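One structure is given below, encoded as structure tokens.
The values are calculated or read from the model by the stated rules, or taken from the named source; none is laboratory data. Everything numeric in this text was worked out from a predicted model, so none of it was measured. Counting neighbours? That spans all protein chains shown, and the Cβs are built from the backbone with ideal geometry, glycine included. Accessible surface areas use protein heavy atoms only, side chains included; no ligands, DNA or RNA. Shrake-Rupley method; radii C 1.70, N 1.55, O 1.52, S 1.80 Å.
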There are 2 protein chains.
Amino acid sequence: MTIYKAPVADTLFVLNDVLGYERYSNLPGFSDASADLLDAILGEAAKLAENVIHPLNQVGDREGCIRHEDGSVTTPKGFKEAYDQYREGGWMSLAIPAEFGGQGLPYTVHTAVAEYMSSANMALMMYPGLTQGAIAAIIEHGSDEQKQTYVPKMAEGVWTGTMNLTEPHCGTDLGLLRTKAVPNGDGSYKISGQKIFISAGEHDMSENIIHLVLARIEGAPEGTKGISLFIVPKFKLDANGNPGERNSVSCGSIEEKMGIHGNATCVMNYDEAEGYLLGAENGGLKAMFVMMNEARLGVGLQGLSIGEIAYQNAVAYAKERLQGRSISGVKAPEQKADPIIVHPDIRRNLMNMRAFNEAGRALILWTALKSDVAHRSGDEADRQAAEDHLGLMTPIIKGVLTDKGFEHAVMAQQVFGGHGYIEEHGMSQFVRDARIAMIYEGANGIQALDLVGRKLAMNGGRAVQSFFKEVGEFCEQYRSDEKMSPYTKGLKKGLNDLQAATMWLMQNAMQKPDNAGAAATDYLHLFGLVALGYMWARMVKAAQDKIAEGAGSAIHEHKLVTGKYFMDRIMPETAAHLAGLSSGCDSMMALPEDAF
Amino acid sequence: MTIYKAPVADTLFVLNDVLGYERYSNLPGFSDASADLLDAILGEAAKLAENVIHPLNQVGDREGCIRHEDGSVTTPKGFKEAYDQYREGGWMSLAIPAEFGGQGLPYTVHTAVAEYMSSANMALMMYPGLTQGAIAAIIEHGSDEQKQTYVPKMAEGVWTGTMNLTEPHCGTDLGLLRTKAVPNGDGSYKISGQKIFISAGEHDMSENIIHLVLARIEGAPEGTKGISLFIVPKFKLDANGNPGERNSVSCGSIEEKMGIHGNATCVMNYDEAEGYLLGAENGGLKAMFVMMNEARLGVGLQGLSIGEIAYQNAVAYAKERLQGRSISGVKAPEQKADPIIVHPDIRRNLMNMRAFNEAGRALILWTALKSDVAHRSGDEADRQAAEDHLGLMTPIIKGVLTDKGFEHAVMAQQVFGGHGYIEEHGMSQFVRDARIAMIYEGANGIQALDLVGRKLAMNGGRAVQSFFKEVGEFCEQYRSDEKMSPYTKGLKKGLNDLQAATMWLMQNAMQKPDNAGAAATDYLHLFGLVALGYMWARMVKAAQDKIAEGAGSAIHEHKLVTGKYFMDRIMPETAAHLAGLSSGCDSMMALPEDAF
């Protein structure tokens, strides 16, 4: 049986003390979740995650989802009841605008809560998670009628949503997609084709499922320019807007996969199903990206979530398992052996996970705040700066935090030794579940290309320059500060490496585009290290301020140590990334295809 | 369905052209597997691996092993027949001395063959693999009678062997073990206790199972000094040495685990089972280490094996899957998209795997040759140098190649995108199977401690100094060689980092032992990179010589590129390891236990 405790105190430290959450109180919705209410909201979320959602995590893995002969799908025992509690508690609609029945609270608060829920049960939380993306796309691109028809029910959670992009022969390259849409003449379309890997494609948890489906309208241009997005409800709506006649979309099978067994990953067959254009004709890719960007941040969050729960379980085991004696002297003389947490190599695993988790949480919450500014601020310059940040950080959060989340699930499993390999202990599930986050919503290689190929040069490099400036100024400000310089020194070195890598790309990627592709993943991780290192420097500064004010507590003292660990042990990797990427694409691409 | 093709040409290149296999022809057994016979032996092994062993790999994962109510265990369909072919072909006894019915061929040849077999089906090959370790322990520590009684049948493969070390509360720390042995007065003992994680503990593939069991003789000293090793056969032998009465050892259950489902991982219950002391009373740990060292090399080999087959499948998919267009210009205009192997980030994954696999193969074969020298040479100085090498490289091969084997299985899975997450494609199995190799036979953290805490200082650092000298001289020799310097430059930089790390340990680990533990894993990987980098430099030199002689072919040209990739992209990681480890244990150990 695994354990889980939501890290509420850490979330509050980051929001209140590091990011200055109070400063945003003039933004719409923030007054309803003021700093003093935050505590209560997060506390309630923690209870639900710990007591209701988490106990179903291993059950879900063991039972999986079952497709019946009629195409219906049963989710694991207890999932529906837990989901009902989740949506009845209003957690689904936390950040949905009030005009659609939501609570209109900050996306930041939703994000903090979503971390706990995904830690507790990633597979279960994918049902509402995908619905969030679908809601975002409908709000952004739907007609008023579509918004009023679908969003309130989805916000309430009685209907859920899906994203239907992938086809058997086309994943990353959506230009190849074949699902077709034929106009019925009444504004609706007949959608036909097969979609695969559809998370939450069919299940028994909601009264209707609103599929958002990419398809090609008859006669549309080839490639990505001819793709449109459609709303295809599982049940067509009757005159009162209630689920009525069954639409001709069905689950053909459930994939047998490595993990997230509690989520139904479906092959979906569309057989002249009735669909309604969402957004502009042939504007599907743009509309889809609204979902996608939301989903990418959500997936990055999953990486953190699994990293966190895996860490917590490794800690518990390391304190409990007695094996060997501390090399620096017996620590538990009353027992036959010391708990393994005394051994440096066990500590190394724990500190690695911890140092990434705490910085990852800060990076995600910082970015969530920027998202709120981008969507809610009245100041155009603020909005633009926030959107720049959001665009830049999305691939980094998705790519780096999911790579690390998986790596840390593996690390946590390693702490358990042989017991980690046995399914009963739940560590294997964390590894198997975390693995998908590196793949879906754009495999991490694609995130790296998005960063290097799009985000870097966008608006003349405005976003990246602004980030460099902010981090550089922070380093400069504390360069001679005795307490801060042990942290800013490592950060500055990392920033220098990142700037050198950026310069290298500018000088070498245009003339030889393969240099960009060859550098992408190293650049992504180099960027991630600097972003996380910056979070550490800011957390340490906030902790030092608290301590100096006489308001310091254990959490603040621990930040100083963990931040130092990050600078000592993790930050030096930036140099290897820089050296690797600046070797260029030659040795990577030189072998002829038939050499493989 | 996965694919597999044994890399015979690469094995031959390494043995013949890089390691000078011919030079060892004066050692016993080598004349029976002379360079011109090698080809034929490896070719036969390849056929068996590809056509018989490999087709059962996914079957084994899906079916797993079944324990019946009477405690008997059925292996997956086809496993027994394939194993019969393996042992009837004499593959089991390849390197077993002729006096015990073996063929007495070089261990090097056995190792080359074992790579193919483990690639083809890791779970199946664990049955004979563990038998090899048990044979080694009996040959080294058994009485003449024990050797004659057990080894020939085990060499023939009609009996198999196991290692019984772990108990529920004791894995790494064997001093805690409780299984007890009570003398019967006739030289035999009654063994009682429970062992867990016993690979191949019970199955239907052999006529008898010879368990080697660590236990504590009544009244023996506490801790590791009071442990003895026992032979406990599943069936006691009758007067003719044939399996007779059932011994009271039984499989209590089969573990439900993440991977290697085809191998029965058993809880074994000993209930006054009849056992016979193997080696000296209270000398169990020493005897066990014979098995363990053999097993550790075997597990390192498994890391390579899975890395290789995962790579091969990723290559096949990357050539076949059409998605997107090459950024440097369309490569397959006749098709709707290019194969994904044209994309640099896909290449990066493939080249990473390839660069490690080829160097890993060289490192293992080099070490296997040293093992042959250590066991067969008539020259004492040669034997000692070879044993030094063997001791030094065992934790490196085990730790680094299994960490990397797993990492590469994950990389290969990533190349498949979403399809990699679906069990059908077999990539998930590689990941799940490879995971155990980082854990068993001493978790990789223990390998790192073995290297830093024992191997480094052994005999005044003789082994490590000899390695540094050899690599340093190689670098020096080719420093001004225009063709070689692009390779030796990176290697030399890595060697410098390794020597600096070694010096740091010498200066800091004695006064503060936690500095050794804190440095161990970084040091292990730093050492691994230099050892693999040295293999690359030697392979490149051999390839260049062939090309210069006019005897060069594609394989030689490709070595130059892949070796360069290793130096460009992988070797620079040594600096991060050095920086990390030389930060010492302070930030790693400073948090109080209750901070976790």
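Key figures
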{"quantity": "Within segment B:173-196, considering residues that are within 14 Å of another protein chain (Cβ to nearest Cβ) and under 16 Å from B:Glu222 (Cα atoms), the one surrounded by the most Cβ atoms within 10 Å (Cβ to Cβ)", "calculated": "B:Leu177"}
{"quantity": "Criterion violated by B:Gln511 - all others in (1) modelled with pLDDT of 95 or more; (2) farther than 19 Å from B:Leu392 by Cβ satisfied", "calculated": "(1)"}
{"quantity": "A:Gly157 vs. criteria in contact with a helix residue (DSSP H, G or I) (Cβ under 8 Å, 6 or more places away or on another chain) and open to solvent by less than 10 Å² (accessible area, probe 1.4 Å)", "calculated": "yes"}
{"quantity": "Count of residues meeting criterion [among the basic types (Lys, Arg) and in a loop (DSSP other than H, G, I, E, B)] in segment A:560-586", "calculated": "0"}
{"quantity": "Complete set of residues in segment A:28-37 that are touching a residue at least 40 places away in the same chain (Cβ under 8 Å) and open to solvent by 40 Å² or more (accessible area, probe 1.4 Å)", "calculated": "A:Pro28, A:Asp32"}
{"quantity": "Residue list for segment B:160-172, restricted to those being open to solvent by less than 10 Å² (accessible area, probe 1.4 Å) and either small (Gly, Ala, Ser) or over 16 Å from B:Pro243 (Cα atoms) (or both)", "calculated": "B:Gly161, B:Thr162, B:Asn164, B:Glu167, B:Cys170"}
{"quantity": "Verdict on A:Arg479 being of a type in the set (D, E, K, R), closer than 28 Å to B:His343 by Cβ and either assigned by TED's automatic domain parsing to the domain that holds A:His408 or surrounded by fewer than 21 Cβ atoms within 10 Å (Cβ to Cβ) (or both)", "calculated": "no"}
{"quantity": "Residues of segment A:107-153 that turn out to be closer than 18 Å to A:Met291 by Cα and either assigned to a loop (DSSP other than H, G, I, E, B) or of a type in the set (Phe, Trp, Tyr) (or both), as a count", "calculated": "5"}
{"quantity": "Candidates A:Glu281, A:Glu272, A:Glu256, A:Glu320 - the one that is closer than 16 Å to A:Ile436 by Cα, open to solvent by 40 Å² or more (accessible area, probe 1.4 Å) and not hydrophobic (A, V, I, L, M, F, W, C)", "calculated": "A:Glu256"}
{"quantity": "Some residue of segment A:197-213 being open to solvent by 30 Å² or more (accessible area, probe 1.4 Å) and within 14 Å of chain B (Cβ to nearest Cβ)", "calculated": "yes"}
{"quantity": "Segment B:482-497: number of residues that are of a type in the set (Gly, Ala, Ser) and open to solvent by 80 Å² or more (accessible area, probe 1.4 Å)", "calculated": "0"}
{"quantity": "Subset of segment B:415-430 (residues that are in contact (Cβ under 8 Å) with a residue 40 or more places away in the chain and crowded, with 24+ Cβ neighbours inside 10 Å)", "calculated": "B:Val415, B:Met427, B:Gln429, B:Phe430"}
{"quantity": "Unique match (being open to solvent by 10 Å² or more (accessible area, probe 1.4 Å) and more than 9 Å from chain A (Cβ to nearest Cβ)) among B:Arg538, B:Arg569", "calculated": "B:Arg538"}
{"quantity": "Subset of segment A:489-527 [of a type in the set (D, E, K, R) and within 13 Å of chain B (Cβ to nearest Cβ)]", "calculated": "A:Lys489, A:Lys493, A:Asp497, A:Lys512, A:Asp514, A:Asp522"}
{"quantity": "Sole exception among (1) among the basic types (Lys, Arg); (2) open to solvent by 50 Å² or more (accessible area, probe 1.4 Å); (3) under 25 Å from the mean Cα position of the chain (by Cα) for A:Lys512, by number", "calculated": "(3)"}
{"quantity": "Set A:Ala332, A:Ala318: member being touching a residue at least 24 places away in the same chain (Cβ under 8 Å), under 22 Å from B:Leu177 (Cβ atoms) and small (Gly, Ala, Ser)", "calculated": "A:Ala318"}
{"quantity": "Extreme residue, nearest to B:Val315 (Cα to Cα), among residues of segment A:577-596 that are at the interface with chain B (Cβ under 7 Å from one of its Cβ atoms) and without any contact (Cβ under 8 Å) to a residue 24 or more places away in the chain", "calculated": "A:Phe596"}
{"quantity": "Filtered residues of segment B:305-332 (kept if of a type in the set (Ser, Thr, Tyr) and either facing chain A (nearest Cβ under 7 Å) or closer than 24 Å to B:Phe13 by Cα (or both))", "calculated": "B:Ser305, B:Tyr311, B:Ser328"}
{"quantity": "Filtered residues of segment B:333-346 (kept if more than 9 Å from every other protein chain (Cβ to nearest Cβ) and open to solvent by less than 10 Å² (accessible area, probe 1.4 Å))", "calculated": "B:Asp338"}
{"quantity": "Yes/no for B:Ile227 being among the β-branched types (Val, Ile, Thr), more than 14 Å from chain A (Cβ to nearest Cβ) and surrounded by fewer than 23 Cβ atoms within 10 Å (Cβ to Cβ)", "calculated": "no"}
{"quantity": "Residue within segment B:347-361 that is part of a helix (DSSP H, G or I), more than 13 Å from chain A (Cβ to nearest Cβ) and within 14 Å of the chain's Cα centre (by Cα) present", "calculated": "yes"}
{"quantity": "Which numbered condition B:Ile555 misses (of (1) among the β-branched types (Val, Ile, Thr); (2) in contact (Cβ under 8 Å) with a residue 60 or more places away in the chain; (3) buried (at least 23 other Cβ atoms within 10 Å of the Cβ))", "calculated": "(3)"}
{"quantity": "Any hit, segment B:380-387, residues being modelled with pLDDT of 95 or more and within 13 Å of chain A (Cβ to nearest Cβ)", "calculated": "no"}
{"quantity": "Single condition B:Leu449 does not satisfy, out of (1) closer than 21 Å to A:Met427 by Cβ; (2) within 20 Å of the chain's Cα centre (by Cα); (3) at the interface with another protein chain (Cβ under 8 Å from one of its Cβ atoms); (4) open to solvent by 10 Å² or more (accessible area, probe 1.4 Å)", "calculated": "(1)"}
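Table: residues versus (1) in contact (Cβ under 8 Å) with a residue 24 or more places away in the chain; (2) open to solvent by less than 30 Å² (accessible area, probe 1.4 Å); (3) part of a loop (DSSP other than H, G, I, E, B); (4) aromatic (Phe, Trp, Tyr).
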residue	(1), (2), (3), (4)
B:Thr2	yes, yes, yes, no
B:Lys5	yes, no, yes, no
B:Leu15	yes, yes, no, no
B:Arg23	no, no, no, no
B:Asn26	no, no, yes, no
B:Leu48	yes, yes, no, no
B:Asn51	no, no, no, no
B:Asn57	yes, yes, no, no
B:Gly60	yes, yes, no, no
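Each row is one residue, and each column tells you yes or no for (1) closer than 22 Å to B:Ile260 by Cα; (2) at pLDDT below 95; (3) under 32 Å from the mean Cα position of the chain (by Cα); (4) aliphatic (A, V, I, L, M).
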site	(1), (2), (3), (4)
B:Ala200	yes, no, yes, yes
B:His203	yes, no, yes, no
B:Ile209	yes, no, yes, yes
B:Ala220	no, no, no, yes
B:Ile231	no, no, yes, yes
B:Lys234	no, no, yes, no
